[in-house]
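Heads up, the thing below is written out as structure tokens.
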Amino acid sequence: MSLARKPKNQSFSLDLTTCSDIIFTLLLFYILTQNFIPQIPLDLPAIENANHLENNTHTRIDVLESGNLRWNETEFSIDSVPDFSVVKDKPVVIFAHKMAPSGVCIELLDRLRSMGITSVSFSGTLKEKK
């Protein structure tokens, strides 16, 4: 047991030099090993007017927000997709609502491809001007 008193001005000190060295080394390691993928800009055609899409050059299938499909003013589910092989000579455009389930769109695409329809494209609905 020591009877010597500690001086009151002595305080706890923590040397952070090694901590900053480790952080700098980790940061340098991260920067040197990071694979940077260049982003390629993609120019997509903008649709300002849907009138040119309303002609009879394509078959339109709507994917509604509820996940149901609409074709020729008839609404049906993905489980009861009609036979689209009658329109095999025309391209199919899938108009997907922005809140439509993506799984329904992918399953519809797979079913169209299995029917022999290879010309399929996606389109979104136009924004309504306020």
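The values are calculated or read from the model by the stated rules, or taken from the named source; none is laboratory data. Predicted model, so just to flag it, every value in this text is computed and none were measured. Don't worry about glycine lacking a Cβ; one is built from the backbone with ideal geometry, like all the others, and counts go over all protein chains shown.
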Region 92-112, residues that are surrounded by fewer than 14 Cβ atoms within 10 Å (Cβ to Cβ) and more than 16 Å from residue 80 (Cβ to Cβ): 98, 99, 102, 103, 106
Per-region count, region 1-60, residues among the charged types (D, E, K, R), at pLDDT 75 or above and in a loop (DSSP other than H, G, I, E, B): 1
Where a residue in region 79-96 is closer than 10 Å to residue 59 by Cα and among the basic types (Lys, Arg) and its partner, wherever it lies, is at pLDDT 75 or above and not in a loop (DSSP other than H, G, I, E, B), with Cβ under 9 Å and at least six apart: 90/59
